[in-house]
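Contents: one structure, followed by commentary.
The values are calculated or read from the model by the stated rules, or taken from the named source; none is laboratory data. Being a predicted model, the structure only gives us computed values, none of them experimental. Positions of Cβ are generated from backbone atoms using ideal geometry, with glycine treated the same way; all protein chains shown enter the neighbour counts. To get the accessible areas, we keep the full protein, side chains included, count just its heavy atoms, and leave off ligands, DNA and RNA. Shrake-Rupley method; radii C 1.70, N 1.55, O 1.52, S 1.80 Å.
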Amino acid sequence: MEQKVRRDEIILQVSNLRTLFPVSRGVVGTLLFNPRRHVHAVDGVSFSVAKGEILGLVGESGSGKTTTALNVLGLVEPTEGEILFNDQSVPALTHSRERLGLRRQMQIIFQDPYESLNPRQTVFATVAEPLEVHRLVKSREEKVERVKAALNAAGLKPPETFFDRYPQELSGGQRQRVVIAGALVLNPQLLVADEPVSMLDVSIRADILNLLHQLREERGITILYITHDLATAAYFTDRVAVMYLGRIVEIGPTKTVLSDPRHPYTQALLSVIPVPNPRRRRKRMILTGEIPNPIDLPSGCRFHPRCPAASDQCSQTEPQLQSVGANHRVACLSV
Amino acid sequence: MALLEVRNLSVDYLTDDGTALHAVEDVSFSLEQARSLGLVGESGCGKTTTMLGMLRLLPAEGRIVSGEVRYRSLQNAHSPRLGGVPREVDLLRLSEREMRKYRWNRIAIVFQGAMNALNPVRRVGDQIAEPIMLHGAVDRTTASERVVELLELVGITPEMARQYPHQYSGGMRQRAMTAMALACSPDILIADEPTTALDVMIQAQILDLFQHLQEQLGLSIILVTHDLGVVAEICDDVLVMYGGRTAEYASVDTIYNEPLHPYTQRLMEAFPDIDSPALKTSLASIPGYPPPLDALPAGCRFEPRCYCKSDICAVESPPLLAVKPGHYVACHQVRD
């Protein structure tokens, strides 16, 4: 598995990414010149992804994982920072034609296959649409061929039988495969999968995850896998980055992070993963409350109000990512 | 006798042309006080229909074909709250009027996605007070005191009662719905996919809440879910359903460590286990799809997807047999 990843070839490089969303002050607030406040969705994120690698971005809702992905795709403008995709800066591409060219190489799969498909479009129309948008085919025959190939690659076989079907005639797993086919039809280099299995039944989840894994093995597609579930990330990512309140708190090879989690947040996330065996029921390290409001960030370490191991220093000093092993970095003062 | 005993429950759905689709067939289980039962299976296997049938809340097309739902009251037979109901009844034989004394009062249900069903323009506290005033016939002041009590029970600060649903997060809304279900102090709480749309940490908080309620109130819980991990964490017994029938029914330990039905075995393999000694590189999946109700297989429902079938499986439906005391399996390949 590892040898497929060409570590030397970095496909995506994200440095010091920050994305702030302004909060409305209201009429009164504006008249009183109240300071403008911001939601700190992503606040200083750096990572790189090698060609053919699967990186998991893991965190609870509100951790900034989806915003990071949207930044990477050029769908949300970052406030600061640099994103290099194949040495080309993503935010700098203002010209729509250049953007279109870049978008062809990166595609996204959304969480809910029940909502991301147009109910009035046939499978063929859905999968063929990107080809038309990008003007990639010259003839009807070519279009049919490419749609066929994409459906095949997404595991919808035989592809012709799906051409004229509508989303409501398909099961959840089949719908998600149609979404994947729509992404594959452009032969992208990077696939962002945003919780692709969380709406699906357990028995179908494995199918979709195995399909994504197979796409990497066979086509060398780089995948950014976004999830709140470390358990599914464990199965097929090469590396994981755990995010909390807009920052990466721990990043490293999946096996290392799972067997030796160093950040208390990673430890807590791991402890609450349900164990499918009652004989191994364990003490869950349940964090109280939820991720705090990203407008008023806690001082010092962002995690300290919920951290079971917080000391006085944690509320004052913001920890930086530090190396604790091979490719394994953690942002925690007590490590 | 157990607190609740469901015997041979069968439910049909009638289509427009009058065909009866067998959604649930011959399902039996029992639930003791302060115990929890996990009802497990893929989408469309009849889990929710079983629950709706039990509570007589089926949609207009639904018909209870046969069965008994025996409920034994824990309270004094002449308790004023129950209006003097007999100790043991078959819920399916009651008049609709009598049934109302049990539904929500004794057996409460939190539906799937219920946290999205809160009225967005009414304060959460007022919404919880509504069933209390309706079922308990109490005034507003008594009801609001009860609301505070209930919110504390589920871990919501009383001040939040005055907030609106949009000010609540998903986990908080699920807690509020649980508080509403507990309003009339039921003996049994049915939770249909209570944690499916929630983050793992919030899911852990909700499971913790259920265990806490069980210990504190002696509540019995039926957890309807497709998530085997959740069941392993908090359930005592497990009923695995497939295609409207019981595939396997046993204690949680037996189901997870000595599963006998091929479907149960496959489900276990498909579930990610990060503690397994050798982390598999790929998860097992169950090829194929559950059977649609209008094209159920003639024999065993799982036969088309089964990996160890024989000739008899396609023609004859396997009976549910006890292989050991308390361990029931419906499979031709399992003998003694």
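Key figures
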| read-out | value |
| --- | --- |
| Potential extension, B:ARG97-B:LEU321 segment - 0.36 nm per residue separation minus Cα distance | 76.9 nm |
| q = 0.13, 0.15 Å⁻¹: log10 I(q)/I(0) that the Debye formula gives for chain A, counting C-alpha atoms only | -1.04, -1.30 |
| Whole-number percent relative contact order across the stretch A:9-330, with pairs defined as alpha carbons under 8 Å at least 6 apart | 21 |
| Residue order for A:LEU32, A:LEU84 - accessible surface, 1.4 angstrom probe, largest first | A:LEU32, A:LEU84 |
| Efficiency of FRET between A:ARG36 and B:THR142 - r from beta-carbon atoms, R0 56 angstrom, step 0.05 | 0.75 |
| All-pairs Cα distance distribution in the stretch A:210-264, expressed in whole percent, bin size 10 Å | 22, 52, 23, 3 |
| Rounded to 10°, Cα long-axis angle of helix B:200-217 versus longest principal axis of chain B | 70 |
| Heavy-atom accessible area, 1.4 Å probe, ligands and nucleic acids excluded: residues of the stretch B:281-327 down by at least 30 Å² from chain alone | B:THR281, B:LEU283, B:SER285, B:TYR289 |
| Calculated from backbone phi, Karplus (6.51, -1.76, 1.60) coupling profile of the stretch B:192-198 in Hz, x at Gly/Pro | 9, 6, x, 10, 4, 9, 9 |
| Carbon and sulfur %, accessible surface of the stretch A:9-330 computed with the full protein complex present, 1.4 Å | 49 |
| Summed side-chain charge close to A:GLY26 - residues other than A:GLY26 whose Cβ falls under 15 Å, Lys, Arg +1, Asp, Glu -1 | +3 |
| Å² of accessible area per residue within the stretch A:1-109, as computed with a 1.4 Å probe and no ligands counted | 50 |
| Point-charge dipole on Cβ atoms (K/R +1, D/E -1) for the protein assembly as shown, about Cα centre, debye to 20 | 820 |
| Top of B:GLN167, B:GLN127, B:GLN214 by mean-square fluctuation, Gaussian network on chain B, Cα under 10 Å | B:GLN167 |
| From phi via Karplus (6.51, -1.76, 1.60), per-residue ³J(HN,Hα) for the stretch A:134-141 in Hz, x at Gly/Pro | 8, 6, 9, 10, 9, 10, 4, 4 |
| Amide H contacts under 5 Å for A:GLN322, placed H, 5+ residues apart | A:VAL330, A:ALA331, A:CYS332 |
| Contact order relative to length of chain B, as percent, for alpha carbon pairs under 8 angstrom and 6 or more apart | 19 |
| Amide H contacts of A:ILE11 (H built 1.01 Å from N, under 5 Å, at least 5 apart or other chain) | A:VAL49, A:ALA50, A:LYS51 |
| Residue pairs, from the table A:LYS51/A:LYS157; A:LYS51/A:LYS255; A:LYS255/B:LYS309, whose Cα atoms sit over 27 Å apart | A:LYS51/A:LYS157; A:LYS255/B:LYS309 |
| Geometric extent, Cα atoms of chain B - Rg, Dmax (angstrom) | 20.8, 67 |
| Selected from A:HIS328, A:VAL257, A:SER315, residue furthest toward positive end of dipole (the stretch A:218-331; charges at beta carbon) | A:VAL257 |
| Percent accessible area from carbon and sulfur atoms, the stretch B:242-334, protein chains only, probe 1.4 Å | 57 |
| Local net charge near B:VAL315, Cβ-Cβ under 14 Å (Lys/Arg +1, Asp/Glu -1) | -1 |
| Cα-centre dipole for the stretch A:190-303 with unit charges at Cβ (Lys and Arg positive, Asp and Glu negative), debye to 20 | 620 |
| Integer Hz, Karplus 6.51/-1.76/1.60 couplings in order for the stretch A:23-35, x for Gly and Pro | 9, 4, 8, x, 4, 4, x, 5, 5, 7, 6, 4, x |
| Accessible surface buried upon B-A contact (total; probe 1.4 Å; Å², nearest 100) | 4100 |
| Cα-based Rg of the stretch B:172-248 normalised by 2.2 N^0.38 Å, two decimals | 1.11 |
| The stretch B:99-191: trypsin sites (Lys or Arg not before Pro) in DSSP coil with no more than 15 other Cβ atoms inside 10 Å | B:ARG100, B:ARG122 |
| List of the stretch B:245-271 residues, accessible area with partners at least 10 Å² below that of the chain alone (1.4 Å probe) | B:VAL252, B:ASP253, B:TYR256, B:ASN257, B:LEU267, B:ALA270, B:PHE271 |
| Normalised per residue, the volume of the convex hull around the Cα set of the protein assembly as shown (Å³) | 190 |
| 18 Å reach of a label modelled at B:ASP275, 7 Å along Cα-to-Cβ, counting backbone N of the stretch A:279-299 | A:279-287 |
| Neighbourhood net charge (12 Å Cβ-Cβ; Lys/Arg +1, Asp/Glu -1) for A:VAL185 | 0 |
